[in-house]
Each structure stands twice: as structure tokens, then as C-alpha cells.
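Peer 1: Here it is, the structure, as C-alpha cells.
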Amino acid sequence: MVVEVAYAAHKGTRLPAAFDFNQLDPRYQSLGQDLNTRVTNPFFGLVPTGTLSVATVARGQLLRPYPQYLSVTNNNPSRWQNAANAIYHSMTVRAEKRFTYGIDFVAAYTRGKVIDEATARIFGVNLAVTPQNNYNLRAERALSEGDVRNRFVLNHTVDLPFGRGKKIGANAPRALDLLVGGWSASGQLTLVSGFPLALASTGNSGVFSGRLRPNTTGSSTELTGPIQQRPNRFFDTSQFSIPAAFTFGNLGRTLNVRGPGMGAYDIALSKRFLMREPVSILFRAAAFNLTNTPFFGGANKPFCNPGQALGNPDFGVISAARNERQFQFSLKVQW
């Protein structure tokens, strides 16, 4: 038996982040409705179509850093701004046992924490969103959307004790040994805690920000009980409200509530039949998600999270949609 305990940390600087460089300076929020006042458009006749092609335009448009454009973004991954930072700490406990009585296993548990100012991708999925306020990137610092607090993985292989030379049926006839002997079971158990929720809100900040967050009362929004009993209210949605016009929401980038965790146990039974040197046949029967544990997630939402946009009908709604139990059988001839 080998047991290891390890600590790991990473510091990231100048990491990619998405921006709209044409956001209006928040100091102009004090103008309120005057930002919507129609004034003479200096670009009239120069722009053939769209908002800037008419004789008048909202005053707020002309106060933007680049008033001749509606937006100046770097949402293309190849053009993300290297302006974010991140820090990661983790502890890993790993235990390994080599074959003893036909048993072999490796178990690993990791507890970690990631804090950053922007999350670009998780598992190849583009999650880059512009900050609520480009002029205050420090306000974006929070738990990462990709933070996994707990992860446990167990891989095992067991030679079943049946057949000739084993504890059970050591002197079994050849025909019986052909049926029950030589089987092995291998499997993997994976348990992963959920990802932090990153809420958004409808509304109007007045400064053309790419993302608006809701206001929160400051009370805990975490609800308890089985997910099956609260699919339409995964967290306490009553604690949030749409910000008043020409203001930002007071909620941080991520919430102290996580989406549901994920868990699955896959197992495979296999046996090799020796036909005649050097020919053999490998039979394998596998079950994926043997326990048929549901995979909860909002409609078209990755990472098991519910709807996270206040003002949308699916806010706080979650459903079980994927990861049903599957069986697979295979035969492989080797020579």
C-alpha cells in the first residue's frame, strides 16, 4: 500500500479575458435618462445602415470611447485581452494498492480552490463573458466558474476468485472452469462537486456593459433537500432583483451556491478465452453509470447548472436530462 499527500499551487497572470472596449465610463450613469436623449448624429450620411445611419442618436452613444461604433469587442478567442489573473491551491491524497489476492486499486481525492477575474474556457467550452464594468476589473475577482471544490476518483481491478487455481473451484472440471474461471472486474467511481453559479440579469446599466448582474439581499440563497423535490427552484430566487436603470447589480461574479455535483460508477467484466496459441478471444461486458444516477442540468446548459439569468423563464430551473445507464458488450479476437 502506498499513500501520498501533496499540496499544489498555481499563479496565473495576464490570462485571456473578453472585453467590450466601447463601454461608457460609469461616471456618466449620473446623467440617467439624459443618456437616452436624442441629439444630432455627426455620423449621419457616413454610415449607410443601422443605428448610426439616422439623423439623431442617443446622447450616450456619442460619449462612448469609440462613438462611431456600436461595440468594439475581442470575443474571438484569438483576440482575448491578456488582463486577468488567477490563483489555485489544492491538496491531494492518493492511495494505491498493488495486486494482493487479485485486488488492485488507485484512489485519489483532491480538494482545491480557484479564484480568478475571468474564466475563458472549461473543458473546451467557451465561457468568456465581458465584465459588468470594464473600468473595475477587480470587482470581477471571485471563485472561478470552473472551480471544483471536491473530486474523488477510484479505479479498481479485481480478479474474481473462481476457477482453477482460485479459492473457489480450484479443482473445477475444464468445462466448468471455462465458464466461471478467469473473470476480472474493473471499474471507476467518480464523484465531483458542483460548479459555482454565475448569475446574470436583464436590465439596463445605461453604459452599454456586456453583462449585468442582479441585486441580492445578502441572505443565503442555498436550499436543501433532494434536487428531485425542487427542480423549478434550485436556489432561493426570491433573494434577487433586477437592478434599477443606470446602476450595476451588487452581486459578485459567482454565487456561494453551486450547481449539483456529478457522480457515476462504471464497471466492466472481462474474460479471455485461449483458443490455440497464439489466438485468444476477449469478451467484455460493460455498464456505464451502473447506478443510473441522474445527471442534472438546465436546458442546453453545460456543467449541470440551472438557469442563471434573472428575467428569463428558466431562472433557477434545473432538469435531469442525460447520463442514463448504458450497457455495452464486445468480442475481440487477438493473435
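The values are calculated or read from the model by the stated rules, or taken from the named source; none is laboratory data. A quick note: this is a predicted structure, and the numbers were derived from the prediction, not measured. Cβ coordinates were reconstructed from backbone atoms using ideal geometry, including for glycine residues, and neighbour counts include every protein chain displayed.
Peer 1: If the requirement is being surrounded by fewer than 17 Cβ atoms within 10 Å (Cβ to Cβ) and among the hydroxyl-bearing types (Ser, Thr, Tyr), which of these qualifies: 238, 270? Steps first, please.
Peer 2: Details: 270 fails: surrounded by fewer than 17 Cβ atoms within 10 Å (Cβ to Cβ).
After ruling out the rest, the residue left standing is 238.
Peer 1: Sort out which residues of the range 170-220 are among the aliphatic types (A, V, I, L, M) and under 27 Å from the mean Cα position of the chain (by Cα), and write them in order of number.
Peer 2: Of all residues in the range 170-220, those among the aliphatic types (A, V, I, L, M) come to 170, 172, 175-176, 178-180, 185, 189, 191-192, 197-200, 207, 212.
Hits for the range 170-220 are 189, 191, 192, 197, 198, 199, 200, 212.
Peer 1: Sticking with this structure for a sec: Please find, among 114, 158, the residue that is within 30 Å of residue 23 (Cβ to Cβ), touching a residue at least 24 places away in the same chain (Cβ under 8 Å) and either not assigned by TED's automatic domain parsing to the domain that holds residue 272 or not in a loop (DSSP other than H, G, I, E, B) (or both).
Peer 2: Testing whether each residue is within 30 Å of residue 23 (Cβ to Cβ), touching a residue at least 24 places away in the same chain (Cβ under 8 Å) and either not assigned by TED's automatic domain parsing to the domain that holds residue 272 or not in a loop (DSSP other than H, G, I, E, B) (or both) leaves just 114.
Peer 1: Go through 252, 203 for me and flag whichever is at pLDDT 90 or above, touching a Ser or Thr at 6+ places or on another chain (Cβ under 9 Å), assigned by TED's automatic domain parsing to the domain that holds residue 292 and buried (at least 21 other Cβ atoms within 10 Å of the Cβ).
Peer 2: Details: 252 fails: buried (at least 21 other Cβ atoms within 10 Å of the Cβ).
Residue meeting the stated conditions: 203.
Peer 1: I've got another one for you. Suppose we keep only residues that are β-branched (Val, Ile, Thr) and modelled with pLDDT under 95 within the range 1-53. Which one would you say is surrounded by the fewest Cβ atoms within 10 Å (Cβ to Cβ)?
Peer 2: Ranking the qualifying residues of the range 1-53, first place goes to 49.
Peer 1: Another question about this same structure. Given the options 120, 172, 139, name the one that is within 30 Å of residue 250 (Cα to Cα), at pLDDT below 80 and assigned by TED's automatic domain parsing to the domain that holds residue 272. Working first, answer last.
Peer 2: Working: 172 fails: within 30 Å of residue 250 (Cα to Cα); 139 fails: at pLDDT below 80.
The conditions single out 120.
Peer 1: Right, another one. Quick check on this structure: which one of 14, 64, 27 is basic (Lys, Arg) and either over 37 Å from the mean Cα position of the chain (by Cα) or farther than 18 Å from residue 246 by Cβ (or both)?
Peer 2: Working: 64 fails: either over 37 Å from the mean Cα position of the chain (by Cα) or farther than 18 Å from residue 246 by Cβ (or both); 27 fails: either over 37 Å from the mean Cα position of the chain (by Cα) or farther than 18 Å from residue 246 by Cβ (or both).
The match here is 14.
Peer 1: Do you know which residues across the range 170-217 are closer than 30 Å to residue 23 by Cβ and touching a helix residue (DSSP H, G or I) at 6+ places or on another chain (Cβ under 8 Å)?
Peer 2: Start the filter on the range 170-217 by keeping residues that are closer than 30 Å to residue 23 by Cβ, which leaves 195-217.
Within the range 170-217, 205, 206, 207, 208, 216, 217 meet the criteria.
Peer 1: Looking at the range 241-250, can you tell me whether even one residue there is in contact with a Gly (Cβ under 8 Å, 6 or more places away or on another chain), touching a residue at least 60 places away in the same chain (Cβ under 8 Å), among the aliphatic types (A, V, I, L, M) and not in a strand (DSSP E or B)?
Peer 2: Yes.
Peer 1: Answer yes or no as to whether residue 151 is surrounded by fewer than 16 Cβ atoms within 10 Å (Cβ to Cβ) and either in contact with a helix residue (DSSP H, G or I) (Cβ under 7 Å, 6 or more places away or on another chain) or charged (D, E, K, R) (or both).
Peer 2: Numbers: surrounded by fewer than 16 Cβ atoms within 10 Å (Cβ to Cβ): no; either in contact with a helix residue (DSSP H, G or I) (Cβ under 7 Å, 6 or more places away or on another chain) or charged (D, E, K, R) (or both): yes.
Criteria not met by residue 151.
Peer 1: Let me ask another. Just give me the residues in the range 206-225 being part of a loop (DSSP other than H, G, I, E, B) and either crowded, with 16+ Cβ neighbours inside 10 Å or not assigned by TED's automatic domain parsing to the domain that holds residue 237 (or both), in sequence order. Spell out how you get there, then give the answer.
Peer 2: Within the range 206-225, the subset part of a loop (DSSP other than H, G, I, E, B) is 206-214, 217-221, 223-225.
Once the filter is applied, which keeps residues that are part of a loop (DSSP other than H, G, I, E, B) and either crowded, with 16+ Cβ neighbours inside 10 Å or not assigned by TED's automatic domain parsing to the domain that holds residue 237 (or both), the range 206-225 yields 206, 207, 208, 209, 210, 211, 212, 213, 214, 221.
Peer 1: From the set of residues in the range 123-136 that are in a loop (DSSP other than H, G, I, E, B) and either farther than 18 Å from residue 254 by Cα or of a type in the set (A, V, I, L, M, F, W, C) (or both), which is modelled with the highest pLDDT?
Peer 2: 135
Peer 1: Checking residue 56 against (1) more than 30 Å from residue 158 (Cβ to Cβ); (2) surrounded by 17 or more Cβ atoms within 10 Å (Cβ to Cβ); (3) modelled with pLDDT of 95 or more; (4) not hydrophobic (A, V, I, L, M, F, W, C), which test does it fail?
Peer 2: Against the list (1) more than 30 Å from residue 158 (Cβ to Cβ); (2) surrounded by 17 or more Cβ atoms within 10 Å (Cβ to Cβ); (3) modelled with pLDDT of 95 or more; (4) not hydrophobic (A, V, I, L, M, F, W, C), residue 56 comes up short only on (2).
Peer 1: Now for a different question. Give, as residue ranges, the strands (runs of 3 or more DSSP E) completely inside the range 1-110 that count at least 1 residues that are in the same structural domain as residue 152 (by TED's automatic domain parsing). Show your work before the answer.
Peer 2: Working: elements: 2-17, 38-40, 56-58, 81-100.
In the range 1-110, 2-17, 81-100 are the strands (runs of 3 or more DSSP E) which contain 1 or more residues that are in the same structural domain as residue 152 (by TED's automatic domain parsing).
Peer 1: How many of the residues making up the range 281-308 are at pLDDT below 85 and assigned to a strand (DSSP E or B)?
Peer 2: Number satisfying all stated conditions: 3.
Peer 1: Another question, then. Would you check if there is a residue in the range 183-193 being over 30 Å from residue 112 (Cβ atoms), surrounded by fewer than 17 Cβ atoms within 10 Å (Cβ to Cβ) and free of Cβ contacts under 8 Å to residues at least 40 places away in the same chain? Please lay out each step first, then the result.
Peer 2: Let us first name the residues in the range 183-193 that are over 30 Å from residue 112 (Cβ atoms), namely 183-185.
Narrowing further to those that are surrounded by fewer than 17 Cβ atoms within 10 Å (Cβ to Cβ): 184-185.
Within this subset, residues satisfying the condition of being free of Cβ contacts under 8 Å to residues at least 40 places away in the same chain are none.
Checked the range 183-193: no residue is over 30 Å from residue 112 (Cβ atoms), surrounded by fewer than 17 Cβ atoms within 10 Å (Cβ to Cβ) and free of Cβ contacts under 8 Å to residues at least 40 places away in the same chain.
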